[in-house]
Amino acid sequence: MIEIQGVDPRMIANNIEPYEPTHPGELLKDELEYPKLTQKQVARDMGVSYTVLNDIIRGKRPVNTKFALLCEQALNIPAEMLLRMQSEYDLLTTRRDKSFAQRLAQVRKIAAVL
C-alpha cells in the first residue's frame, strides 16, 4: 500500500479497490466477442468442454494454470495475466467475505496472545 504523509492511504488511486472485482472470464468474453468467435468453437479448439469455458466466462469457475496456458495458445492472452486476474479476484472476494473476516479476527486475537 502506498503511503503519503498527511493523505489517507485509501484515497490514493493505486490503493483504491474496485467496487466489483473483475473475474478473468470477463476478459475472455470480450476477447471472443470482437472477432465473433463462438464459445463452442473456442472450447473445441482448446480441447476443453463447452461447459468449462462457459462457466469461466460467467465467473462460476476459476481459471487454473492449465486453462490459462491453453488460452495463451488459442487466444494469445498471456497466461500470467489471466492467473494474476484470478488471484486478485480471489483475494478481493475473500477479503469481503464476512464469515471469513470473523475467522481472521479470531486468528488475530489468538496470535496477539502468543
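Test residue 36 against the criterion of being at pLDDT 95 or above, assigned to a loop (DSSP other than H, G, I, E, B) and open to solvent by 90 Å² or more (accessible area, probe 1.4 Å), and give yes or no. Considered against the rule, which asks whether it is at pLDDT 95 or above, assigned to a loop (DSSP other than H, G, I, E, B) and open to solvent by 90 Å² or more (accessible area, probe 1.4 Å), residue 36 comes out as no. Please tell me if residue 95 is open to solvent by 40 Å² or more (accessible area, probe 1.4 Å), under 17 Å from residue 22 (Cβ atoms) and modelled with pLDDT under 95. Yes; evaluated as a whole, the condition is true for this residue. Here residue 112 fulfils each of the conditions (1) part of a loop (DSSP other than H, G, I, E, B); (2) among the small types (Gly, Ala, Ser); (3) open to solvent by 60 Å² or more (accessible area, probe 1.4 Å) apart from (1). The residue pairs whose first member lies in region 87-100 and is in contact (Cβ under 8 Å) with a residue 60 or more places away in the chain, whose second member is in a helix (DSSP H, G or I), and whose beta carbons are closer than 9 Å, counting only pairs six or more residues apart or on different chains, are 89/24.
Scan region 49-78 residue by residue and report those that are in contact with a Lys or Arg (Cβ under 6 Å, 6 or more places away or on another chain) and either at pLDDT below 95 or open to solvent by 90 Å² or more (accessible area, probe 1.4 Å) (or both). If the condition is that a residue be in contact with a Lys or Arg (Cβ under 6 Å, 6 or more places away or on another chain) and either at pLDDT below 95 or open to solvent by 90 Å² or more (accessible area, probe 1.4 Å) (or both), then 50 is the only one that fits.
The values are calculated or read from the model by the stated rules, or taken from the named source; none is laboratory data. All of these numbers come straight from a predicted model, not from anything done at the bench. Don't worry about glycine lacking a Cβ; one is built from the backbone with ideal geometry, like all the others, and counts go over all protein chains shown. The area values use the complete protein model at the heavy-atom level, side chains included, leaving out ligands, DNA and RNA. Shrake-Rupley method; radii C 1.70, N 1.55, O 1.52, S 1.80 Å.
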